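Colleague: Quick one: this structure, given as structure tokens, is what I'll be asking you about.
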């Protein structure tokens, strides 16, 4: 269910350093600094939650001012719901990096994840910055993958190498996220980098495409967090310049970035709070992608469907009830078909006469299950990923602050 | 937390009979017949789920054909997702009542609640009809309140008497529902009756108003069921005729019906699957009711908020994060205030400087809690009710079919 961290190829021009600052707990890696070489470009996607955290506001602002040279990421505290003091604290953290590294405050982007509504403990945080900077190394990805976690149970990373013009280009990324996960980003941080060289606009296009098909297609509990961010950084150190949106090189790089983002997104769902199963929901034969997504998310967000998966119960009635309330107009329920993996459960508005509970049960006993709904009204398709709802989800979220 | 069933005043002209038909379990009341005297009028609201159950389709159809004389309600099986056979089975049940009672099939309305996707056991069901009809009595409300339950832990009823033109008019109702509860009706059945005389259109107006402020304002898990129905019946036996929509008598009767519906709706939330707390979410100072509702439901549907309530954790950050992602445009988060009962937790985008965790904790330890959000952008207001999300919710829904 939860694969080990794969090999993470270093990205030339980017170094990572991790430290134990004691922000919430002692002796736990909780502070990560990422250093970008000069002339690196950066693209970013942030939470759409109107109640966004102070570091999100500050990072957005700094990005408009200059090219970043450092990222500072802390766990244990989200610095969200902290008002004016939170904004000042986020700037103070940037200052700590700027002073130690000798750059401008605006060249530092802050990121925080953890509990909402408590003041950021800036003293231990700032005191930890020199250690994180001293630890900077191109092979620091694995430690950083652990250093950004909160309720995650495993570190998450993915890495691809591809050939462009006969040279090797690397794309490597790490991510964190476990609860509060839903489309439009969540309590999720993801940092992906490449050693190709891309202008900022192309890099943003590449990131937007990758996020749309990965991080924005996962749902653990339907909640959107205040702190999500996903960054794509290009150091240019491979000397491969990708400057044309219509080039094969750009297409190939986009594929690699999308692939890395999809691997990270799936790792987040697999590690969803209390998750025991990875559920892929595929809705096809819709009139447009929007209605397919609507149906897919209604299924993916349904607590009744999710508890049925936890119980390994092929309760197709709950799935069909979710389809029925998804708000698709003029839906002909009698034409809808429903499969679990390759087993047809429903056709003509009811149980498929050939369906045997044993076959549905066999699918349900698996760790990874595909729910396939055919709407029988068009050619459109959409896919989202979610997990089941277990006792442990309740336990983790009931005990979170204690 | 769960009050005992109050006294349910009989409604002259309406009789109820309950039987143990052994539909899913032996020796459990699972079949209810309600008989209406001649010339009774009936108003109805049904589920908006496109995947509606066979009895909903049949009941809707019969209502267009003639005035009903009998209602037949079974638990243990929802007759949903059962295709053409389900429609035929629903008609067969109506025939069983029609034959025993000597009326037309179209004068019978069928209702089913229970597991989805299994064929209705019509043999025991039809065999139980004569016993239910033999048991018909005007004081049969209490037994009927138990006879319509599924995962409910307590029967639910409410009753009011009012004076119109110096005479006593009675409004009495029963309801069932525990899981799969959300706006636009849910796995919920409610039967409310009065001995006043009202034309069908006025009765429908009265019901629509009452439902909008009660059953359509509650949420247990965000799922809408396939079988919901709410009926308002007027026997006319009190000889009080309410024929004018602008009359004081109509206003008074509507108030009584709304009151009964609100009591029933609250009883459903209090008995929400696994619920340990009743949460009222009040959103005020919105630009219009729609955005207030949007915010209120986003809070009420959030699993993170609901588990925090289960843990008695005043985690206002989760509530504020829900406000932030509710999709209200141009929301000024710095102006939003958040209270738990009378304790102010948030103002100016962060924790109220006067807030003490102890005060929030004291509210959280209560069984009934009001979450009050002030949006600071208008005069509109909306209120919804929900409950917390506990281990038992997962247990009940994971074990439902086993």
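Values quoted throughout were computed directly from the atomic coordinates according to the rules given, and no laboratory measurement underlies them. In this text, all values refer to a predicted model and were calculated from it rather than measured experimentally. Note that each Cβ is placed from the backbone with ideal geometry, even for glycine, and that neighbours are counted across all protein chains shown.
Colleague: Among DSSP bridges having both ends in region B:14-270, what percentage is antiparallel? Round to the nearest 5.
Modeller: 70 percent
Colleague: Shortest first and in nm with one decimal, please list how far the residue A:330 label point sits from its counterparts in the other copies (point 7 Å along Cα→Cβ).
Modeller: Copy-to-copy label distances for residue A:330: 3.5 nm.
Colleague: In terms of the Cα gyration tensor, with a ≥ b ≥ c the square roots of its eigenvalues, is region A:305-361 rounded because a/c is under 1.5, prolate because a/b exceeds b/c, or oblate?
Modeller: The shape class here is oblate.
Colleague: How compact is region B:278-398 by the rule of thumb for globular proteins, expressed as Cα Rg over 2.2 N^0.38 Å?
Modeller: Here the answer is 1.02, to two decimals.
Colleague: Here's a follow-up. Three principal axis extents, largest first, for the C-alpha atoms of chain A, in Å?
Modeller: Computed over the Cα atoms, the extents are 72, 54, 36 Å.
Colleague: Ordered shortest first, which distances in nm separate the 7 Å Cα→C-beta label point of residue B:395 from those of the other copies?
Modeller: The answer, with the shortest distance listed first, is 1.4 nm.
Colleague: Is the shape of region B:1-85 rounded, prolate or oblate, going by the alpha carbon gyration tensor and its root eigenvalues a ≥ b ≥ c, with a/c under 1.5 for rounded and a/b larger than b/c for prolate?
Modeller: Oblate shape, in that a/c is at least 1.5 and b/c is the bigger or equal ratio.
Colleague: While we're on this one: Do you know the relative contact order of region A:278-398, to the nearest whole percent, from alpha carbon pairs under 8 angstrom that are 6+ apart?
Modeller: 47 percent
Colleague: If you take each beta carbon of peptide A:47-54 and count the beta carbons of other chains within 10 angstrom, what is the mean?
Modeller: Taking the mean over all residues of the peptide, I get 6.
Colleague: With the convex hull built on the Cα atoms of region B:1-49, state its orientation-averaged projected area in nm².
Modeller: Here the figure is 6.6 nm², rounded to one decimal.
Colleague: Also: Evaluate peptide B:110-119: per residue, the Cβ atoms of other protein chains within 10 Å of its Cβ; return the mean as an integer. Walk me through the numbers on the way to the answer.
Modeller: Numbers: counts 0, 0, 0, 0, 0, 2, 7, 13, 2, 2.
The shielding value for this peptide is 3.
Colleague: Also: May I ask what percent, to the nearest 5, of DSSP beta bridges between residues of the protein assembly as shown are antiparallel?
Modeller: Counting DSSP beta bridges with both partners in the protein assembly as shown, the antiparallel share is about 70 percent.
Colleague: Apply the Debye scattering formula to region B:54-95, with a single equal point scatterer on each alpha-carbon and no solvent, then give log10 I(q)/I(0) at q = 0.21, 0.26, 0.34 Å⁻¹.
Modeller: Each listed q maps to, in turn, -0.66, -0.98, -1.36.
Colleague: Starting from the coordinates of the alpha-carbon atoms of region B:73-231, obtain the Kirkwood hydrodynamic radius over all distinct pairs and give the value in Å to one decimal.
Modeller: 17.1 Å
Colleague: May I pose another question? State, as an integer percentage, the relative contact order of chain B based on alpha-carbon contacts under 8 Å between residues 6 or more apart.
Modeller: This gives 17 percent for chain B.
Colleague: Assume the label is 7 Å from Cα along Cα to beta carbon: what separations in nm does residue B:245 have to the matching positions in the other copies?
Modeller: 5.5
Colleague: Could you please state, rounded to a whole Å, how far the C-alpha centre of region A:245-283 is from the C-alpha centre of region B:324-375?
Modeller: 37 Å
Colleague: Let me ask another. Of the residues B:100, B:276, B:172, which exhibits the maximal mean-square fluctuation in a Gaussian network model of chain B defined by a 10 Å Cα contact cut-off?
Modeller: Largest GNM mean-square fluctuation: B:100.
Colleague: Further question on the same structure: Run the Debye formula on the Cα coordinates of the protein assembly as shown, all scatterers equal and no solvent, and tell me log10 I(q)/I(0) at q = 0.06, 0.07, 0.10 1/Å.
Modeller: Results for the protein assembly as shown at q = 0.06, 0.07, 0.10 Å⁻¹ read -0.42, -0.56, -1.02.
Colleague: If I build a Gaussian network model for chain B, linking alpha-carbon pairs within less than 10 angstrom, which residue out of B:256, B:290, B:119 has the largest mean-square fluctuation?
Modeller: B:290
Colleague: Something else now. Report, to two decimal places, the Cα Rg of region B:28-142 normalised by 2.2 N^0.38 Å (N = number of residues). Intermediate results must be reported in sequence, preceding the final value.
Modeller: Working: Rg = 13.3 Å, N = 115, 2.2 N^0.38 = 13.4 Å.
After normalising by residue count via 2.2 N^0.38 Å, the value is 0.99.
Colleague: Let me ask something additional. For chain B, what does the helix formula give at 222 nm: sum of -39500 (n - 2.57) over DSSP H segments with n ≥ 4, over the residue count, nearest 500 deg cm²/dmol?
Modeller: Counting only the DSSP helices, I get -10500 deg cm²/dmol.
Colleague: Run the paramagnetic zone check for residue A:332: 7 angstrom along Cα to Cβ, then residues of region B:65-104 with backbone nitrogen under 16 Å.
Modeller: Zone members listed by number: B:84.
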